Each structure stands twice: as structure tokens, then as C-alpha cells.
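Written out below as C-alpha cells is the structure these notes cover.
The values are calculated or read from the model by the stated rules, or taken from the named source; none is laboratory data. Here the structure is a predicted model, which is why all the values come from computation and not from measurement. Here the Cβ positions follow ideal geometry from the backbone for every residue, glycine too, while neighbour counts run over all protein chains shown. Accessible surface areas use protein heavy atoms only, side chains included; no ligands, DNA or RNA. Shrake-Rupley method; radii C 1.70, N 1.55, O 1.52, S 1.80 Å.
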Amino acid sequence: MPVWNRLQWNGMRDSSVMLYVRGKCKLMHISLSGGGSRGLVHAAFFEHLQTSAEGKALMKKATSFSGVSAGALVATPLAMGVDPKKITRTFEEGGLTSWMHWPRVAMAMLGLRKSVYDGQVLYERLQGMCSAERLRYPLSLGVTTVSDMKQVSLRYTEQCSRDSLFNCAVASAAVPFLFSAREAGDSGLACDGGAIRCTFPVDAIVSAIRAGDEVTLVNAAPWPGFREVIGTRNERIFANAFDVFNEHGMEWLPRELGADTFAYKDGIFKHGNVTFIAPTGAQYAASGGTQAAGDLRYKGHSAFTRRLRQEGIEIANQYVQMKHMHQI
């Protein structure tokens, strides 16, 4: 572990230790958005980065991570030093494939169950991926507190227990109705971090931007204004409605970066200290768009998982090429 990462465990951002670390090197925060089944795109992106010098450089510069929902399920093992290949393989195994799915849906609708799933399958997958590791980098996970339905970013360090960390990551991905809310530290019961405010952990990112750190935002979907809506008329209506929900809360980012000079672009670009990484609208549509992202019961090692994995590889290649050409 780099010396600045070891020092970082000894204090919070505003401590003298953190000021010393910031003075010695540039801090790099990497944040991953939510995205349902497209967590596989995140995983494949980071796996393929390991095949190039430019990609390895990004990971070597990282000093902290954060994530929401599917992004939390990928950021957690990344912050624990798990090989991205192992994360990809776990996502490729498939989604929620219980034969009791529809009976559980019916029981939840009738009030006989609190939710369709209890989240244990996600907890066990995290345990399997991170069987021998502890946190190597500070990690912030975005959750929505059940008590007041507000998004908060919970910060974890090397001293945290694996159980509390995994519970928080599962809570961050606990889509209401589908999953039960889970305990997330002092915040109490919490659910999907992207349910109310944003599909990114806002407080963690704003803190890094205001501190002058390098920030890399990895979005599982195109940036606002660049989605290509596909499918039948009813599918397009559903996708448009979901996209409005899925892009909510993104107005804070232009405000932080300067609304007069900032504008979203398609795919990968950089503005100031912030690098934006996302699929283009065309790539997103080719993988099934919003409907595919919402398919949490996808079959493992299928044409669907191969397409998502390939998309992650394509985005990684684009990032490396733009980095090599000094475009970002």
C-alpha cells in the first residue's frame, strides 16, 4: 500500500495528517454510480484497465472509493484490494434467480412479506469475493435512511468490521419492495442509496471536489441528455419515465463545477479535476438500455452478461486511448 494510503487511515479529511498527505501528493477519489445489472459493466471496466499501463496508473493513483447501489457492490471489493477479475466473475454468475421469485412478489404485494428478498444473497456474494481481505482504502457508501428518507454517505476505514461494511453495501443496493432495509451503522435502517437524491454518493464527491482532489466518476449509464431510448412504444414510455427518475439529483454537479462553464458530454470527458467516465448513448442502447439495467434476474454466463462485459471492455479501451492521446 502506498505510504499516503497508510497515513490516510490515521485521520479524517480535515486532520493534520490528511493535510500532510495532501501536501505530499494528489489525492484521487473514484466514485461508482448505481445501475442495477450494469454493475457488471463497472466490474469489467476495472478488470480490463489492468491490461494497460494507463489503466493501471488510474488504480495506483486511487486513494479512496465511494459508490451507490450496484456501484457500492463493486466499490467495496475494489477498496478491499480484490482482483477486479474476481468481481466480474461474481457478477457473471447471474442475478436473482430464485424459483420462488413470483410467489414472493405476490406475498409482498399482499403484505405477507416485507420484501421479495432479504438481501442475504448479496451479503454472501460480498463475503465470497472478499473472503480474506480487509479495507485498504477509505470507502464511502451512499444509503437512504428509512427514518427521514435522505441520502447520506457513510465512511468506512480499516478499523471497521466486515459485517458492518457488508451490511451497509447491501443496504445501499436494497431497492425498496424488492429488498428489505438493513442496518447501516449509526444511521439505522437504510435502503437503496439512489432512491431519493442521486445515483452517486453526493456528499462524498462534493467533499473531494471542494478539497481540490482529483475525482473520477464512473457512471453505469450515459450522462444526462445522451440516452437513446429504444423498444416498443410502451417500452419507450417506461424507459423515459425511469430515466427521469434515474437522472434526478444530478443538478448539484454543474453547480459544484461552475454552471457557466460546465456541460455534460457523451461518454468520457474531463472538466477541471473531475474525469467523467460513462457509456455513450449508443453503447447503452446496444446493451438493452434502461430495461436491461432493471433486469436483476438475468441468467449467468449468457448473451446478456457477455454484452455487458464487452461494453465495460469497450469503455476501458476508450479511456486508455483518450488518456494516451492526452484528451483527458
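Quick check: pseudo-label points 7 Å beyond the Cα along Cα→Cβ at Lys114 and Lys56, how many nm apart are they?
Here the modelled spin labels are 4.7 nm apart.
What ranking of Cys198, Cys160 comes out by heavy-atom accessible area, probe 1.4 Å, highest first?
These residues rank, largest area first, as Cys160, Cys198.
Quote the relative contact order of segment 149-210 in percent (integer), defining contacts as alpha-carbon pairs under 8 Å separated by 6+ residues.
Once divided by the residue count of segment 149-210, the mean separation gives 34 percent.
Find how much the distance from Ser147 to Lys26 grows on full extension, using 0.36 nm per residue of separation minus their present alpha carbon separation; answer in nm with one decimal.
Residue separation times 0.36 nm, minus the Cα-Cα distance, leaves 39.8 nm.
For Thr157 and Glu124, what does the FRET efficiency come to when R0 = 25 Å and r is the distance between their Cβ atoms, rounded to the nearest 0.05?
With a Förster radius of 25 Å, E is 0.55.
Sorted by average packing, counted as other Cβ atoms within 10 angstrom per residue and highest first, what order do 135-141, 266-272 take?
135-141, 266-272
With every protein chain left in place, what is the accessible area of Leu189 in Å² (1.4 Å probe, nearest 10)?
80 Å²
With an 8 Å Cα cut-off and a minimum separation of 6 or more residues, compute the relative contact order for segment 27-145 in percent.
33 percent
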